[in-house]
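The values are calculated or read from the model by the stated rules, or taken from the named source; none is laboratory data. Treat the numbers as computed from the prediction; the structure is a model and nothing was measured. Ideal geometry is used to build each Cβ from the backbone, glycine not excepted, and the neighbour counts take in all protein chains shown. Ligands, DNA and RNA are excluded from the accessible area calculation, which covers all protein heavy atoms including side chains. Shrake-Rupley method; radii C 1.70, N 1.55, O 1.52, S 1.80 Å.
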Amino acid sequence: MKPYKEMSKEELLSLKAELEKEFEDAKGKGLKLDMSRGKPTTVQLDMTMGIMDALDAESDMNAENGMDTRNYGLMDGIPEAKRLFGDMMGGVPAENVIVYGNASLSIMYDTVSRCMTHGVLGSTPWCKLDKVKFLCPAPGYDRHFAITQLFGIEMITIPMTSEGPDMDLVEKYVSEDPAVKGIWCVPKYSNPQGISYSDETVRRFAALKPAAEDFRIYWDNAYAIHHLYEDEQDQILEILSECEKAGNPDMVYEFVSTSKVSFSGAGVAAFASSKANVEEVKKFLTIQTIGYDKVNQLRHVRFFKNLDGMLEHMRKHADIMRPKFEAVLRVLDQELGGRGIGEWTRPRGGYFISFDAMEGCAKAIVAKCKEAGVVLTGAGATFPYGIDPKDSNIRIAPSYPTSEEMAAATDLFVLCVKLVSVEKLLETV
């Protein structure tokens with residue numbers, strides 16, 4: 001079939017009638033599928049159930065330094081957990097790591113909240129400033145944007161490229177505007193595009209010259225070990241050491257968790273930064289909490305043992321995830337390839353595929369899918385304030401349905417893309 005944009009009005013009208021009939025048939029199938037969030041499937045969760053046997057009533061509950069994990073103490077985490085998370089982040093020294101509870105999102109929220117109320121290393125608290133701004137690479141992670149919006153922080157959209165954020169724009173904003181206090185980053189297999197930052201991009205981040213002394217890079221390394229392929233894996237430079245080399249040791253806050261490694265509701269999360277930043281955070285933790293769940297930290301270390309054990313576990317995740325991604329891409333290629341009504345990413349890791357429809361079509365496509373029983377992430381969610389200026393980006397989350405369900409959902413998705421695209425083109429012919 002030739003590209004839709006090359007069709008005559010009569011051809012488009014004929015195609016529209018065919019597609020509308022197909023859509024009515026699809027609605028009659030009674031699909032009920034949710035592709036709105038990147039959740040592990042039950043099979044993946046079952047795969048980790050052995051972690052429940054890593055400790056029992058007869059287990060030695062002491063950390064490697066002799067500390068009883070059931071008791072008070074070790075506010076920054078047990079040493080073996082600090083080491084494991086440092087390795088997970090690409091070789092961060094254990095002394096630069098704080099191990100928290102189950103969610104890195106909570107750490108990010110707390111970090112922004114602390115900056116608002118108490119500032120950064122002695123700087124003016126953000127709540128006392130006239131204006132606070134954050135750079136937001138987009139398409140990006142909706143929960144990042146929700147945090148900054150909640151605190152009334154002005155968000156500035158930074159376009160993404162194939163190598164990461166547009167660094168010319170990042171450098172300009174950071175160096176010229178002291179109100180710019182941070183930037184959200186998902187540096188590896190980014191949400192939703194699956195892009196990994198190039199070495200040049202990471203080095204340019206490390207070499208930034210901020211106008212604000214309290215500017216920080218919020219480095220959400222959520223998919224650090226989430227590869228889909230054994231022989232095609234993206235690697236990124238370790239940002240803390242790069243910042244230290246560039247003379248900016250305090251400029252990064254890094255976050256990571258096991259939410260999609262073990263259990264999202266009962267995993268472990270960690271924070272890494274410079275010695276100065278870590279010491280500041282620890283002062284607040286002594287007031288905020290009596291300590292995080294060290295028993296769960298011990299359970300995770302006993303189950304995974306080390307980074308090699310964690311990577312082996314992630315290969316099992318990849319074996320489950322890969323067929324789902326490939327099912328989506330196969331349908332997209334077969335049904336939309338060459339038609340000029342959409343483009344999509346081909347990630348080598350992470351949890352999402354990013355789809356760009358024709359301008360002005362994303363909301364209508366998502367609504368059509370919902371009408372026929374497939375729930376997608378809301379159109380616009382991948383941009384600050386929920387506003388996609390082109391109304392084109394749609395995040396596809398293939399993880400939760402089965403491969404068969406995923407293929408059926410993608411069949412419906414491409415049908416909706418075709419129908420909405422034809423309707424859009426008919427407006428202009």
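Details
- Among 43-56, 339-352, the peptide with the highest mean count of other Cβ atoms within 10 Å heads the list, and the full ranking is 339-352, 43-56.
- Among the listed options (i) 52; (ii) 44; (iii) 34, the one matching percent of Cα pairs over 35 Å apart as calculated from these coordinates is (iii).
- Distance from the alpha carbon centroid of the stretch 215-256 to that of the stretch 335-383 works out to 28 angstrom.
- For the stretch 43-110, alpha-carbon Rg relative to the globular expectation (2.2 N^0.38 Å, N residues): 1.28
- Inter-label distance, residue 390 to residue 71: 6.0 nm, where each label sits 7 Å from its Cα along the C-beta direction.
- Exposure rank, largest accessible area first [215, 151; 1.4 Å]: 151, 215
- Close amide H contacts of residue 349 (hydrogens built in the peptide plane, cut-off under 5 Å, sequence separation of 5 or more or a different chain): 228.
- 0 to 90° range, to nearest 10: angle between helix 307-336 axis and the chain longest Cα axis: 20 degrees
- Relative contact order of the stretch 158-243, taken over Cα pairs closer than 8 Å and 6 or more residues apart, is 35 percent.
- For the stretch 1-93, the Kirkwood hydrodynamic radius comes to 20.1 Å, computed from all pairs of different C-alpha atoms.
- Rounded to 10°, Cα long-axis angle of helix 79-88 versus longest principal axis of the chain: 30 degrees
- Degrees between helix 275-288 axis and first principal axis of the chain (Cα, 0 to 90, nearest 10): 90 degrees
- Distance cut-off 13 Å, percentage of C-alpha pairs in the stretch 175-221 lying past it: 59 percent
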